[in-house]
Amino acid sequence: MENRKTDSEATLQDLKNRVKAFVSKRGWEKYHNPKDLAEAVCVEAAELLEVFQWSTVQEASAWRNDASKMESIREELADVLIYCLSMANALGIDVSEAVFRKLEKNEEKYPADKYFGRAR
């Protein structure tokens, strides 16, 4: 197993490379097409949501101190991100560039002076 890195140590390219190596080592490239990856992202996002099903905001906020709940959340979030990174690999998307571009659009669409403290 490769050495693990924290957010402050790993780059997105490190993560993309690790996901690509995982997929390649298993010969799964034929299954990692954009349509199937989009479906997998939705399935894993639903599994993440399922962890929170029937919980109040207060209960879910308290889970930071619940090792079992945090492990479930950590694993489901990782699954979502892994499939997203695999899609980026499959389509040649530079994730950082895509995120910065989208944030710029959102900054124009939702200026802070008009939307501060508003969810809608």
Quiz item: Does any residue of the range 101-108 turn out to be touching a residue at least 60 places away in the same chain (Cβ under 8 Å) and in a helix (DSSP H, G or I)?
Solution: no
Self-check item: Candidates A98, A46, A62, A40, filtered to the one that is surrounded by 10 or more Cβ atoms within 10 Å (Cβ to Cβ), part of a helix (DSSP H, G or I), among the small types (G, A, S) and touching a residue at least 40 places away in the same chain (Cβ under 8 Å)
Solution: A40
Quiz prompt | Those residues of the range 65-90 which are closer than 23 Å to V19 by Cβ and free of Cβ contacts under 8 Å to residues at least 12 places away in the same chain, in sequence order | solution = M70, E71, R74, E75, A78
Exercise. Could you please give the count of residues in the range 1-21 that are among the small types (G, A, S) and either farther than 18 Å from E97 by Cα or in a helix (DSSP H, G or I) (or both)?
Key: 2
Quiz item: Failed condition for I93, given (1) assigned to a helix (DSSP H, G or I); (2) free of Cβ contacts under 8 Å to residues at least 40 places away in the same chain, with all others met?
Solution: (1)
Quiz item: Which members of the range 10-28 meet the condition of being among the charged types (D, E, K, R) and without any contact (Cβ under 8 Å) to a residue 40 or more places away in the chain?
Solution: D14, R18, K25, R26
Quiz item: Do the conditions hold for L85, that is, is it within 30 Å of D14 (Cβ to Cβ), at pLDDT 95 or above, in contact with a Lys or Arg (Cβ under 6 Å, 6 or more places away or on another chain) and not polar (S, T, N, Q)?
Solution: yes
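The values are calculated or read from the model by the stated rules, or taken from the named source; none is laboratory data. What you are looking at is a predicted structure, and each value in this text was computed from that prediction instead of being measured. A quick note on method: Cβ atoms are made from the backbone with ideal geometry, for glycine too, and the neighbour counts reach across all protein chains shown.
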